[in-house]
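Accompanying notes for the structure given below.
The values are calculated or read from the model by the stated rules, or taken from the named source; none is laboratory data. Quantities reported herein were computed from a predicted structural model and do not represent experimental measurements. Cβ placement follows ideal geometry from the backbone for every residue including glycine, while neighbour counts extend to all protein chains displayed.
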Amino acid sequence: MCRRIFIGILIILVLVVAAVAGSYYYYNQLLEPVAPEASGEYTIVDIPPGANTEIIAATLYEEGLIQNELAFRVYVYRHDLAQGFIAGKYQLSPAMSAEQIVEKIQAGDVYAETLWFTIPEGYTVEEAAGRLEEKGLTGKEQFLEIAATPPAEMKEEFPFLQEIEDPEVEYLLEGYLFPDTYEVYSDAGASDISKIMLRRMDQVINEEYRDRMSEMDLSLHEILTIASLIEREARVDHERSLISGVIYNRLEAGQLLQIDATIQYILGETKEFLTYDDLEVESPYNTYQNEGLPPGPIAAPGEAAIRAALYPEDTEYYFYNYKYDDTGEHYFSRTYEEHMENVRRAEENLD
């Protein structure tokens, strides 16, 4: 009789343990992702201030982000997490487990809408400002105001801006806002965007480039100015360093640079053919009238143009002119006579 009672009790214990184990297994399964394969799918969930665990669980269940409300609530209470939820909007996925969702909401990893924008190489700050305004990120005038006169705290964060001493520079940030594709918060202002682009430039100008500038005895401002000329003049990549070599040759010889892109910068438009009146426009940026480099960059140079400015090709050329064919290339000349012959050849191509 005792043996039967013992066996009965043992059977009951086994069944209880099995039931508990099964329940625990089932409970853990309910905490797993609703759809593990949906890793690229997201839902924005708003957790209001003061929401308790019951409300949060119901919201997550309605959005298809958890398998079971009760299991979620049990998990929160078991780990004493009920007081740690932070209100806000969260980007959650049905591929996330209940544990991952709780961690995200407890960390306050709220969702902020972002926007992408691209500033192409060779853009001026005015063109960049126009594009940012089109994207609805910042007003054009606000951006240009900062580009012309960066606030003191921006100059402190980026000391290289303090090296710009020429009072004739119209926009201090011209040439310093690195052209690239960026992701920013939708509420980012002109100052925020400027800083992001300045940080990118600071990254591009690495130790190698700084050592090279010291070796050449040129400042960052001078290098970016030369790079901007190369960026606006070169139409094919393989000519960048060659055009750079021509610029340095003319500077060393004391010749006027006579770069059309500087006139276009003054005029605020890219004219295919400049007139003699255009070449006589009064401006410190007019390289047909003023010796040496213009006061500052005329556009945003990309890294290829910056590298070309730092590593010009060793050449005997002092002139170049556009071929006006389908290559995008230039004719390069050693003498003025050769240059005039190449101008004639370009006119024939144009005809």
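The helices (runs of 4 or more DSSP H) found wholly in the stretch 60-139 and carrying at least 2 residues that are in the same structural domain as residue 36 (by TED's automatic domain parsing) and farther than 30 Å from residue 227 by Cβ occupy 69-78, 98-107. Return a yes/no flag: does the stretch 167-181 have any residue that is over 14 Å from residue 297 (Cα atoms) and out of contact with any Phe, Trp or Tyr (no Cβ under 7 Å at 6 or more places or on another chain). Taking every residue of the stretch 167-181 in turn, at least one turns out to be over 14 Å from residue 297 (Cα atoms) and out of contact with any Phe, Trp or Tyr (no Cβ under 7 Å at 6 or more places or on another chain). Contact map, the stretch 102-122: first residue without any contact (Cβ under 8 Å) to a residue 60 or more places away in the chain, second residue among the small types (Gly, Ala, Ser) and outside any loop (DSSP other than H, G, I, E, B), Cβ cut-off under 7 Å, separation 6 or more or different chains; pairs are 108/88; 110/88. Scanning the stretch 89-109 for residues that are in contact with a strand residue (DSSP E or B) (Cβ under 9 Å, 6 or more places away or on another chain) and either of a type in the set (D, E, K, R) or more than 28 Å from residue 28 (Cβ to Cβ) (or both) returns 89, 104, 109. Of the helices (runs of 4 or more DSSP H) lying entirely inside the stretch 239-285, those carrying at least 2 residues that are in contact (Cβ under 8 Å) with a residue 12 or more places away in the chain, within 22 Å of residue 166 (Cβ to Cβ) and hydrophobic (A, V, I, L, M, F, W, C) are 240-253, 260-267. The residue pairs whose first member lies in the stretch 291-313 and is in a loop (DSSP other than H, G, I, E, B), whose second member is among the basic types (Lys, Arg), and whose beta carbons are closer than 6 Å, counting only pairs six or more residues apart or on different chains, are 299/232. The residues of the stretch 125-150 that are touching a Phe, Trp or Tyr at 6+ places or on another chain (Cβ under 7 Å) and either touching a residue at least 40 places away in the same chain (Cβ under 8 Å) or within 17 Å of residue 183 (Cα to Cα) (or both), listed by number, are 125, 129, 131, 132, 135, 137, 147.
Check the stretch 179-188 and report whether any residue there is acidic (Asp, Glu), within 14 Å of the chain's Cα centre (by Cα) and surrounded by fewer than 17 Cβ atoms within 10 Å (Cβ to Cβ). Yes; the residues of the stretch 179-188 include at least one that is acidic (Asp, Glu), within 14 Å of the chain's Cα centre (by Cα) and surrounded by fewer than 17 Cβ atoms within 10 Å (Cβ to Cβ). Looking at this structure, is residue 214 without any contact (Cβ under 8 Å) to a residue 24 or more places away in the chain, small (Gly, Ala, Ser) and assigned to a helix (DSSP H, G or I)? Yes: the conditions hold for residue 214.
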